[in-house]
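To start, the structure under review is shown below, and the notes come after it.
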Amino acid sequence: INDSEKQKLWELNDRKQEQSIQMFEKVLEQSGSSLEKFATDNLGQAAELFYNVLHFKEIRINVLVKHPIYIDLESYIHIYLSYFEEFQVNNPFENKNNFRLNEEVFNLMEEVIDQIEDEYQLFREENPEQRFSKFGKKGFYLEGDYYTFYIEPNGRISTFHKNKPEHEKQKDTV
């Protein structure tokens with residue numbers, strides 16, 4: 001690789017990082033915060049998430065199928081900011097249950113996707129332009145919990161969270 005090619009690689013990397021930061025700021029703004037506020041209120045978490053954003057690579061949940069499912073940077077940030085305790089910016093989703101993002105969560109997502117794979121592939125064949133969703137009482141049941149998730153027509157997971165049990169929802173309204 002010559003110097004000119006190295007320079008182009010650096011420029012591409014810089015552009016990717018700028019786009020990642022812009023996406024991070026956009027999702028923060030949608031959640032009612034900002035990069036400055038998030039960093040001020042949650043410096044350790046902000047630094048960790050910022051690092052993850054800069055180094056994020058798309059996650060493919062299922063690959064050897066006609067209609068793959070994946071998590072892109074926007075999904076990843078949204079899941080962190082909206083659904084996980086240590087990165088909770090605000091609480092706009094009252095019927096969700098926070099859980100920590102780690103390998104267990106990705107393993108859980110893979111398990112859920114694996115179990116709905118045939119249903120999803122059939123749905124996608126019959127409804128190529130519609131969002132696939134499981135939510136509320138029709139959420140996906142696994143090991144005592146219901147999960148809400150949405151998969152966009154292009155296969156991107158836009159939402160994934162564990163539903164709050166009914167008795168906890170009632171406590172929140174009292």
Residue by residue, what Karplus-based ³J(HN,Hα) values in Hz, rounded to whole numbers, does region 15-23 have, using 6.51, -1.76 and 1.60 with θ = phi - 60° and x for Gly and Pro?
5, 4, 5, 4, 5, 5, 5, 4, 5
From the phi of every residue in region 129-145, what ³J(HN,Hα) in whole Hz does the Karplus formula 6.51 cos²θ - 1.76 cosθ + 1.60 yield, where θ is phi - 60° and glycine or proline is x?
9, 9, 7, 8, 9, 9, 7, x, 6, 9, x, 7, 9, 8, 6, x, 10
Under 5 Å from the placed amide H of Y70, counting only residues 5+ away or on other chains, we find I61, R156, I157
In what sequence, highest mean first, do 148-160, 20-32 appear when ranked by Cβ atoms within 10 angstrom?
148-160, 20-32
Rg to Rh quotient for region 3-48, alpha carbon positions, Kirkwood Rh
1.18
Students often get this wrong, so check it: of K37/K138; K8/K37; K66/K138; K8/K134; K8/K162; K37/K162, which have C-alpha atoms separated by over 32 Å?
K37/K138; K8/K37; K8/K134; K8/K162
In this structure, the FRET efficiency calculated for I59 and Q7 from their beta-carbon separation, with R0 = 35 Å, to the nearest 0.05, is 0.70
Scalar couplings 3J(HN,Hα) for region 50-55 by Karplus 6.51 cos²θ - 1.76 cosθ + 1.60 (θ = phi - 60°), nearest whole Hz, x for Gly and Pro, are 4, 4, 4, 5, 5, 10
Are there GluC sites (Glu not before Pro) in region 126-156 that DSSP marks as loop and that have at most 16 other Cβ atoms within 10 Å, and which are they?
E129, E143
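Rule-based calculations on the coordinates, nothing more; no lab input. All values derive from a computational prediction rather than experimental measurement. Positions of Cβ are generated from backbone atoms using ideal geometry, with glycine treated the same way; all protein chains shown enter the neighbour counts.
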